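Remarks on the structure that follows.
Read-outs throughout are calculated quantities, based only on the coordinates presented, and are distinct from any laboratory measurement. Everything numeric here is computed off the predicted structure, so don't read it as measured data. Cβ placement follows ideal geometry from the backbone for every residue including glycine, while neighbour counts extend to all protein chains displayed.
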């Protein structure tokens, strides 16, 4: 294997093959700034990735107080030293010259620099005025999936018990709320049953709507190393795009958009028909099997073929793969979560594992994956639709227990209704009941659906907008107060990845200018607001990250996400650790549910379940009648057609997604030269069949239009399913991150100009992947290529004349398959 690889041209690097049931060998990836040699590095500071949900462990190289590079941590269980392209190059955004370094306030319609006291006084005075005039429901908090656990927990305490508002949610609503809801529906509680290590043991890996190669590239490296080793796994890929996963799959199904439930019901039908059911497991550990069997009795492959437009024989082949697996690992992501009947579909994947008894053993597990690095923490800490510690808002005993932890009266914690989800918060702001919206670490003016509506909401005179971020984002330009935040590498805290692994990320360098850690901002707000507990003492009693972590441990004690056995010292120098970590599991817990389901009993469950069609919440009595002994729930769902289908005017289906080189709205990755050059602008993908039928060619400038709005981009002709258009959602209004504002009369470049304001009834996750759309030519491309990368799912159907994506010398990364360092002692 080459010791240096262009990791833009080859995002996944070289192979270190390993056989089934053997540990994944290490390979340490290192990238240093030009002119910096390893012996010049003065300090290596422990961290983990903040640009996807893998939680890849890394060290930050520091010279003279500056970040100068990164390397993977060989000792870590998650990545064994490997890093993806965003990990390797994204750190450069920290030093971008357009970082916010001083607070901004709006004066005469313009944002002008000010000091922290002035900015915070405005936030506090507006908060107090609204509390006095309109009550706690007039304040809302919309946060991120990229802060640290300590920050989410502090925000949850000050919002729920300090302000007393029910309006607290994160942009994790857009990427991971269906994961949480599906786990609650099936197992009574959030928390991934499986582990990344299951990749080393599975003989079949099924990926449902999950382009793992581009969203979690390091775990795709793990799959690739298995595929190159002895006894490789067989892959099932369900995706309308020709992803790298699809190209390596034994079976690739590309169903019609919005038909996932029909496809999954047919797979369940076949497994039950051929009696590949683990009946002893079902009897011992589940309820609901008979209802499922009756529901899918008529869902034959032939029926599903008509709904999904997938050959019945291929559905049968996929069911055979699932039904004969010795150890089945399934992963699920946005192709399910952001589509029609999201929770219903994700729950059917859980059902596959429940009826086959594929849980709790190495290689037998399910990963309802996350899209953001700290999405798990928003859920645990109560910043994303639940009470902290996976407590049930409908269970008075849970509310009383949380009130005891916070030393407040139970009535101080709003629990009269479910916590407000993000799309509803923006609707309340649109209607005028929410008058202050504090947005931290996210960019809804690019990431939310139907952007013309979102812009109009943010621009309302009556809405006081606070934005806490690193840069003057599209959203920040609508703010009344902008607070400059410190970010990863500039502050200390913990975060938890998609398989429950907790990492510590240490401060490596000082933040620029007057930028402050989000925790410091929240603590300052709590102090200025003078939030008090029921005895008159400070509500928030911690003062720094470690004391905040200790406070969180007390809140998590005895709950499914129990952190009580973890300390900062335990997380320093070695590997991340999977929760729960407590007296029963002092070294962490690799897999959940090895001995049956633990947290589904009516007295302890996080949620009593919802109607998968209407989203109506079940009550305690209904749940107790269904599941008195606290078993896993096998929950059936009938297929329903999408709300918006193709028509004569809008004959295509628009779906959105990601590329391996960019993250969310590019606030960081758009400022990393290698990543920006690899995917600098929006593009539109269409199938070769549709391009030929409409007379369009590679590189043509085209317009995608839906009933909500339009966007323009250059065409990439791929092996995409016919009838579908794909647009990456990363791109905002401007050609460059520091560009000018949009022309309201012109079609934009953001995918969400065209997406629909609609959400899954159970998880409340927006349906970014089901809009009806048209495609028209704006101008011929001539010799202008599409900016789409050639390395992933956007590879051209005909590569002739399309320049290959490459990074050159600046993108070369050292790859060491035999690292001399990597033990806990060495890392110190």
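Computed quantities for the displayed model
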item	result
Pair residue 528, residue 280: separation of 7 Å Cα→Cβ label points (nm)	6.4
Ordering of 582-592, 246-256, 77-87 by packing [mean C-beta count within 10 Å, highest first]	77-87, 246-256, 582-592
Cα-based Rg and Dmax for the stretch 70-127, where Dmax is the largest Cα-Cα distance (Å)	19.5, 55
Histogram of C-alpha separations across the stretch 196-277, 10 Å bin width, %	17, 45, 31, 6
Spin-label zone in the stretch 407-428 - amide nitrogen under 15 Å from a point set 7 Å from the Cα of residue 535 along the C-beta vector	407-409
Protection-proxy order for peptides 609-617, 699-707, each taking the mean of Cβ atoms within 10 Å per residue, highest first	699-707, 609-617
Kirkwood estimate for the stretch 394-434, i.e. one over the average of 1/r between Cα atoms, Å	11.7
Peptide ranges 167-179, 125-137 listed from the most packed, as the mean C-beta count within 10 angstrom indicates	167-179, 125-137
Value at 222 nm in deg cm²/dmol, rounded to 500, when DSSP H runs of n ≥ 4 in the chain each add -39,500 (n - 2.57)	-7500 deg cm²/dmol
Cα-only Debye scattering, the stretch 453-497: base-10 log of I(q)/I(0) at q = 0.13, 0.19, 0.29 Å⁻¹	-0.40, -0.66, -1.02
As computed over the stretch 427-556, the Cα convex hull volume per residue (Å³)	157
Two-decimal ratio, the stretch 1-150, of alpha-carbon radius of gyration to 2.2 N^0.38 Å	1.48
Gyration tensor (Cα) of the chain, equivalent ellipsoid semi-axes in angstrom	35, 32, 29
Percent of alpha-carbon pairs separated by more than 20 Å within the stretch 652-797	45
